[in-house]
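The values are calculated or read from the model by the stated rules, or taken from the named source; none is laboratory data. Just so we're clear, the structure is a prediction, and the values are computed from it rather than from any experiment. In this analysis, Cβ positions are derived from the backbone assuming ideal geometry, glycine residues included, and neighbour counts consider all displayed protein chains. When the accessible area is computed, the model is the full protein with side chains, heavy atoms only, and any ligands, DNA or RNA have been set aside. Shrake-Rupley method; radii C 1.70, N 1.55, O 1.52, S 1.80 Å.
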Amino acid sequence: MTTAPPTVEDVRAAAALLDGVAHRTPVLRSHRLDALAGCELHLKSEHLQRIGAFKFRGAYTALSAVDPDRRAAGVVAYSSGNHAQAVALAGRELGMPVTIVMPHDAPQTKVEATKGYGATVVGYDRYTEDREAIGVAIAERTGAAVVPPYDHRHVIAGQGTAVRELLEEVPDLDVVVTPLGGGGMLAGSILAAQELAPSAAVWGVEPEAGDDGRRSLEAGEVVRIDPPRTIADGAQTAYLGSLTFPIIREHVAGIATVSDAALVDAMRHMAATLKQVVEPTGVLGLAAVLTGAVPVVPGQRVGVVLTGGNVDLARYAELLATGV
């Protein structure tokens, strides 16, 4: 889906819209993690956001922008879980019916939460079926507005409010690191940094198996890959968006990748040190700093967005106990 490209002003407007609606999540600190990372870490805790992930910011912003005369037809979205829950909750709060296209292998906790917020869930096979085509077909049949997980002006603007808040609280960050799937968080973060911390280096981090962003940056154009197999289910995207990629290509400091094993290590550190449950996708940025995939130097102030905490607890315990 293509809409007008987002701007710094859009992020500012989204922040005003979300004030009192989204949680202003805390920024966590740990001297132990600072020592492990070799820098001063500031962890923006979006796993404590409503629905347990930053995605609520973009979903509520996007649904609020739907024309009033179209709201009765509702919205349709496609997602492996966090965007699904976010759209479902935003739809419930705004009185809009919601249909979500979710892969059959999505974490069951995310499927049940999405249904719990009142959405209708349509399943598909992520390896053999096209979720976007399914979503468009539903929209054409029902008149619903399509709200994609990242390639949408208002979604990107809403996601950028997390880093905007981080920079308001810690205004002199040297580096900002976010997970990278389709690029909504990273593109929005870049826009936020342009206004509040233009000298900060903004990095995106992908799972090794899903390095389409890194390849795209090297190629200078969007590179598509097969759906990656990784425990970071929120970053199992196959390509960047037509809106997110130009922003990333023009302004990102770099795109790093980390292994699934590094994600498990980062999850362990969050649990043992800060007593926080963060899902694999949510620790992509932290894992990259801890492994050196994102270069930092002693004394630098580094902001990391922990994007989500929606993970099946049995699977979480298994990963922490045995790894991948």
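Points worth noting:
- Extension reserve of the S199-R249 stretch, reckoned as 0.36 nm per residue once the Cα distance is removed: 16.3 nm
- Peptides 213-223, 45-55, 78-88 ranked from most to least packed by the mean count of surrounding Cβ atoms within 10 Å: 78-88, 45-55, 213-223.
- Computed over neighbours whose Cβ is under 14 Å from that of L43, the net charge equals 0, Lys and Arg +1, Asp and Glu -1.
- Burial ranking of peptide ranges 308-317, 174-183 (average Cβ count within 10 Å, highest at the top): 174-183, 308-317
- Inter-label distance for V21 and H104, nm, one decimal - labels placed 7 Å from Cα along Cα-to-Cβ: 3.6
- Accessible-area composition of the stretch 224-312, carbon plus sulfur, in percent [1.4 Å probe]: 48
- For the pair T273 and V121, label points projected 7 Å from Cα toward Cβ lie 3.4 nm apart.
- Contour minus Cα-Cα distance for E169 and T142 (0.36 nm per residue): 5.4 nm
- For the stretch 21-154, the convex hull spanned by the alpha carbon atoms encloses 129 Å³ per residue.
- Residues of the stretch 244-277 with amide N under 20 Å of the 7 Å Cα→Cβ point at R32: 262-277
- Per principal axis, descending, Cα span of the stretch 120-218 in whole Å: 49, 31, 21
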